[in-house]
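Trainee: Submitted below is the structure of interest, expressed as structure tokens.
The values are calculated or read from the model by the stated rules, or taken from the named source; none is laboratory data. If you're wondering where the values come from, they're calculated on a predicted model, not measured in any experiment. Because the Cβ atoms are built from the backbone with ideal geometry, glycine has one as well, and the counts that use them run over all protein chains shown.
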Amino acid sequence: MIAIAIAGNPELIIADEPTTALDVTVQAQVLRLLLRLRDEIGCSIMFITHDLGVAAQISDRIAVLYAGRIAEIGPTADVLNQPAHPYTHGLLRSRLTLDTARHRKLAALAGSVPSPVTPLPGCAFAPRCVLATLACEATPPDPTTIAPGRVSACIVPFETVSTELGSRLTTTTEDIEPETAPAESSEPPAVVLKDGVKAFGKLQALRGISLTVADGESVALVGESGSGKSTLLRVIAGLEKPTSGTIELAGGQRPQMVFQDAGASLTPWLSVGELISERLRRNGMSRSQRQDAVAEVLERVGLPLDIAKARAGQLSGGQRQRVSLARATVVPPSVLLCDEPTSALDVSLAASVLNLIGDLRRTLDMSVVFVTHDLSVARVVADRIAVMYLGRIVEIGPADDVINDPVHPYTRALVDSIPDLGRESRVLPGEPASPLSPPTGCSFHPRCPIAIDTCSDGQLDVRLEGAPGSPHQIACIERKVS
Amino acid sequence: MAIALPAGTLARSRVRLLSLPKSPPMLTNWAAVSLVLIVTLVAVAVPVISPHDPLVPAGMPLQAPGKGGFLLGTDAIGRDILSRVLFGVRASWFAALVVVAVGLLIGGLVGLIAGAAGGWIDSLLMRITDAFLSLPAPVLAIAVVAALGPGFLHTLVAVSIVWWPFYARLVRGEVARLAARPHIEAARLAGVGPIRLATRHLLPGAVPNALVAASLDIGNLILTLAALSFLGLGQAAPAPELGADTARNLTYFLQQWWVPVMPGLAVLVLALAANLSGDGLRSLMKTS
């Protein structure tokens, strides 16, 4: 794709979210490549992205768009460090990073983007803006120069925005009561998978995975595409039968699942109410009892009651994800499986959906298994993180330990590839090997910076190991938990 | 019977179909679709609007169209051609609707079971369907008529036997395509039973394309039925029948052209109306 774009020595390359669907490691490679090409050809790049971290990495200037207008434009460092528009503030606040407070609700912008069909008379952001005044709703604000090279379309003076919102940044989110340490609960574990192996013909998706999810615990599975994390989730869901190995679920109850593409997981011609109440049919409830239950669950996921009559096609992305959650939890399951439920949503919506999953988990006392390729998401939703590579778990442990103190070279590479404001991402060379023929020994050795000869030995069997009694375990013969 | 179907028109349109037309092209499509309704209404009203008895001579034989108050003229024994054509239209149209309905019902059921169940059930049902599909309509009609005796009803039975496999294949294809979509997996996980899964989560998605195919198919059926009655496999002699009337009166073609041509034209008009409405329906589904 990039080769085609540069073939004619262009003056300008327009890149429309070129890295959105990619893993962080590949994303870092692509960004690096684009910057190198720019310097070699001497062209300009217009880069479209919803990820401020990516924007920080690649751009000299940033233009923030909202509802068809430029909210603010200026040099990258200035815009990110001292945003002039309340919307930019909101974006930066709802952004998840590896430093986001864990036991706290995530900041999310209230409301939603106005409909492009019926534009508002005044500033389009006014309904969601904490600084909005009556004047904001009257006429659209003119772009004003606030500093050399910086323009913002907001009638509130730059200084006011900075002082008002700068201070709120740290204080607005409410604390969730610190979680009672998952003490040795008397309940049996929700999921016990032993030596799970799944092969699709020659493709080895899972190559021996043992995972126990405690009652009420939340576990995140992270890894690049092809690591088998989604297959593992489907095996737990019972959608795939493991080729070998055993799986036990608490109470034999079927887990419920929230899919990545919530729209596609809702039958398009059935109404939301029908889809939700369908799960209650086996319980021998009367029609009105079912309706009450639907109303209750819709309220619980923060949706208005009349949405029960709508069909999936009429809902926004965030609403669809909430409907999926309502459908999954109308009969509370013991295990809720989430397959990248927020990867298709923009930052602010993603934050509110993650908040909702956390709330549901606490109030309904469910275990959660959460698949994501985004480590910052994993850190916020999970008690424990399991890092997967080519069908195996290479590192597993408490979320903070895994992110702040990654031990396995692959986890380190993942953490290092995340683009962030004011931080160069380091590039992990290569791509995962094909699961059709995983490398011998430790399958990460071809990309591993510290690999030694023994790592490629066909006889080598790397097992998860950790210090005695420690929940932090690593599958590496070179690095151990100290 | 080969009908090109638009890929991926989903049943989301079920809601949309009921909304009012919004733009001129939509209006044209709606007008085309309503042709089916108009023709059906005319067919129902034939006994009332028909000026004469189709079986009894009403005036001088072989009168040209427009003469003596006979809009389409009279045939060799003085029967009103307009009345005969109207009753012929009524018979052909209802026959076509019945065969299409039977086809949709049997074919839809077989296709739904095959597509929803998959595996060996699918293979078995589809091989049976293939066997029926390989029967040539006229030959089978002759065989059935030979076995059960002549009669319009027997012809319809024969045509229905060769007609439903087309719908079975169509519905099975649609259902199998839908069955691979994530919403079926999600419904299974939600604990939806197999029967509800088939009828509520799969079938509604196959209905729009099946309806489009069916309305396009009415035209084919009218032509096939006319051809069969042309061969003498239709209604018994005095009864008005478009294909048979054309065939019996071909000898008048050079002198009194209207006698064979009028019923033939009616076949053309019916087939055209059916095809136009099918196309209209397809466009409506596409735009929604």
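Trainee: Does the stretch B:60-67 contain any residue that is closer than 24 Å to B:ALA226 by Cα, in contact with a Gly (Cβ under 9 Å, 6 or more places away or on another chain) and surrounded by 15 or more Cβ atoms within 10 Å (Cβ to Cβ)?
Mentor: yes
Trainee: Out of curiosity, is B:ARG177 within 14 Å of chain A (Cβ to nearest Cβ), assigned to a helix (DSSP H, G or I) and on the phi < 0 side of the Ramachandran plot?
Mentor: yes
Trainee: Looking at A:LEU390, A:LEU325, which one is closer than 15 Å to A:ASP23 by Cα and over 15 Å from the mean Cα position of the chain (by Cα)?
Mentor: Every option except A:LEU390 fails the conditions.
Trainee: Yes or no: B:LEU203 in a helix (DSSP H, G or I) and crowded, with 24+ Cβ neighbours inside 10 Å?
Mentor: The answer is no for B:LEU203.
Trainee: Answer yes or no as to whether B:ALA227 is more than 10 Å from chain A (Cβ to nearest Cβ) and out of contact with any Pro (no Cβ under 9 Å at 6 or more places or on another chain).
Mentor: Here the answer is no, as B:ALA227 does not meet what is asked.
Trainee: Looking at the stretch A:246-286 only, could you name the residues that are small (Gly, Ala, Ser) and under 24 Å from A:GLY313 (Cβ atoms)?
Mentor: Within the stretch A:246-286, A:ALA262, A:GLY263, A:ALA264, A:SER265, A:SER271, A:GLY273, A:SER277 meet the criteria.
Trainee: Considering only the stretch B:87-125, state which residues are more than 23 Å from the chain's Cα centre (by Cα) and not β-branched (Val, Ile, Thr).
Mentor: B:ALA114, B:GLY115, B:ALA116, B:ALA117, B:GLY118, B:GLY119, B:TRP120, B:ASP122, B:SER123, B:LEU124, B:LEU125
Trainee: Any idea how many residues of the stretch B:43-81 are modelled with pLDDT of 85 or more and assigned to a helix (DSSP H, G or I)?
Mentor: 8
Listed here are the residues, each with its yes/no results for (1) free of Cβ contacts under 8 Å to residues at least 24 places away in the same chain; (2) within 14 Å of another protein chain (Cβ to nearest Cβ); (3) surrounded by 24 or more Cβ atoms within 10 Å (Cβ to Cβ).
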| residue | (1), (2), (3) |
| --- | --- |
| A:GLN314 | yes, yes, no |
| A:GLY318 | no, no, no |
| A:VAL330 | no, yes, yes |
| A:CYS338 | no, yes, yes |
| A:PRO341 | no, yes, yes |
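Trainee: What is the one condition in (1) part of a loop (DSSP other than H, G, I, E, B); (2) touching a Phe, Trp or Tyr at 6+ places or on another chain (Cβ under 8 Å); (3) closer than 30 Å to A:ALA382 by Cβ that A:ALA55 does not satisfy?
Mentor: (1) is the only condition that A:ALA55 fails.
Trainee: Given the conditions (1) closer than 25 Å to A:ASP365 by Cβ; (2) aliphatic (A, V, I, L, M); (3) buried (at least 18 other Cβ atoms within 10 Å of the Cβ); (4) in the same structural domain as A:ILE403 (by TED's automatic domain parsing), report the number of the one that A:ILE247 does not fulfil.
Mentor: (3)
Trainee: Which of the residues spanning the stretch B:131-174 are of a type in the set (Gly, Ala, Ser) and either within 14 Å of another protein chain (Cβ to nearest Cβ) or closer than 30 Å to A:LEU233 by Cα (or both)?
Mentor: Selection gives B:GLY173 alone.
Trainee: Additional query: Could you check the stretch A:62-81 and list, in sequence order, the residues that are in a strand (DSSP E or B) and either in contact (Cβ under 8 Å) with a residue 24 or more places away in the chain or not assigned by TED's automatic domain parsing to the domain that holds A:PRO127 (or both)?
Mentor: A:VAL64, A:TYR66, A:ARG69, A:ILE70, A:ALA71, A:GLU72, A:ILE73, A:GLY74, A:PRO75
Trainee: Collect the residues in the stretch B:183-200 that are facing chain A (nearest Cβ under 7 Å), modelled with pLDDT of 90 or more and surrounded by fewer than 19 Cβ atoms within 10 Å (Cβ to Cβ), keeping them in residue-number order.
Mentor: The answer is B:GLU185, B:ARG200.
Trainee: Moving to a separate point now. Which one of B:VAL139, B:VAL171, B:VAL159 is among the aliphatic types (A, V, I, L, M), modelled with pLDDT of 80 or more and either assigned to a loop (DSSP other than H, G, I, E, B) or within 17 Å of B:ALA117 (Cα to Cα) (or both)?
Mentor: B:VAL171
Trainee: If you don't mind, another one. Exactly one of (1) in contact with a helix residue (DSSP H, G or I) (Cβ under 7 Å, 6 or more places away or on another chain); (2) free of Cβ contacts under 8 Å to residues at least 24 places away in the same chain; (3) within 28 Å of A:LEU31 (Cα to Cα) is unmet by A:ALA110. Its number?
Mentor: So the condition that A:ALA110 fails would be (3).
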